[in-house]
């Protein structure tokens with residue numbers, strides 16, 4: 001971090017996997033809603049915060065070499081599930097901030113692996 005005239009600058013890592021995820025990524029919006037249900041069946045709901053809709057992406061990388069798998073795993077381990085990173089999702093024009101605290105590696109053969117990971121959109125104020 002470097003302070004300049006009272007401002008703090010924090011860099012954010014960009015995820016650049018050795019190959020793009022396999023076709024078939026799944027996007028699921030997660031909504032955070034405040035809801036009150038009353039005795040007569042009436043329900044009142046409102047958004048819980050400004051960013052109450054958060055995208056969740058399930059991504060698969062099939063047939064990765066050991067080096068490709070290691071590179072993806074190393075990046076995710078470095079972020080530790082809490083540090084957001086920039087990445088451009090399939091179909092997006094610009095990168096967004098994401099975190100990943102859920103991934104698994106499958107050992108396909110002696111020379112190939114696959115990785116399944118869930119990225120969650122981050123609204124962390126880190127710039």
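Each reported figure results from applying straightforward, stated rules to the coordinates on display, with no laboratory input. Note that this is a predicted model, so its numbers are computed, not measured. Methodologically, a virtual Cβ is constructed for each residue, glycine included, from the backbone with ideal geometry; neighbour enumeration extends over all protein chains shown.
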Item to complete: Using only alpha carbon positions, build the gyration tensor of region 2-121, then give the equivalent ellipsoid semi-axes as the square roots of 5 times its eigenvalues, largest first, whole angstrom.
Response: 33, 23, 12
Worksheet item: What is the order of 107, 42, fewest Cβ neighbours within 10 Å to most?
Response: 42, 107
Practice prompt. Compare 67, 47, 89 in a GNM of the chain, Cα atoms joined below 10 Å, and give the one with the largest fluctuation.
Written response: 47
Item to complete: For the chain, calculate the relative contact order in percent as a whole number, restricting contacts to Cα pairs under 8 Å that are 6 or more residues apart.
Response: 27 percent
Worksheet, complete the sentence: So the angle from the long Cα axis of helix 66-79 to the longest Cα principal axis of the chain, reported in degrees to the nearest 10, equals 40 degrees
Worksheet item: How long are the three semi-axes of the equivalent ellipsoid of region 79-127, in whole Å, if each is the root of 5 times an eigenvalue of the C-alpha gyration tensor, listed from largest down?
Response: 25, 14, 7
Discussion item. Could you give the length gained by full extension between residue 46 and residue 13, i.e. 0.36 nm per residue of separation minus their alpha carbon distance, to one decimal place?
Written reply: 8.5 nm
Worksheet, complete the sentence: The alpha-carbon center of region 106-127 and that of region 17-50 are separated, in whole Å, by 21 Å
Discussion item. Can you compute the helix-only [θ] at 222 nm over the chain? Use -39500 (n - 2.57) per DSSP H run of at least 4 residues, normalise by all residues, nearest 500 deg cm²/dmol.
Written reply: -3500 deg cm²/dmol
Fill in: Most fluctuating residue given options 11, 56, 114, as computed from a GNM of the chain linking Cα atoms under 10 Å
11
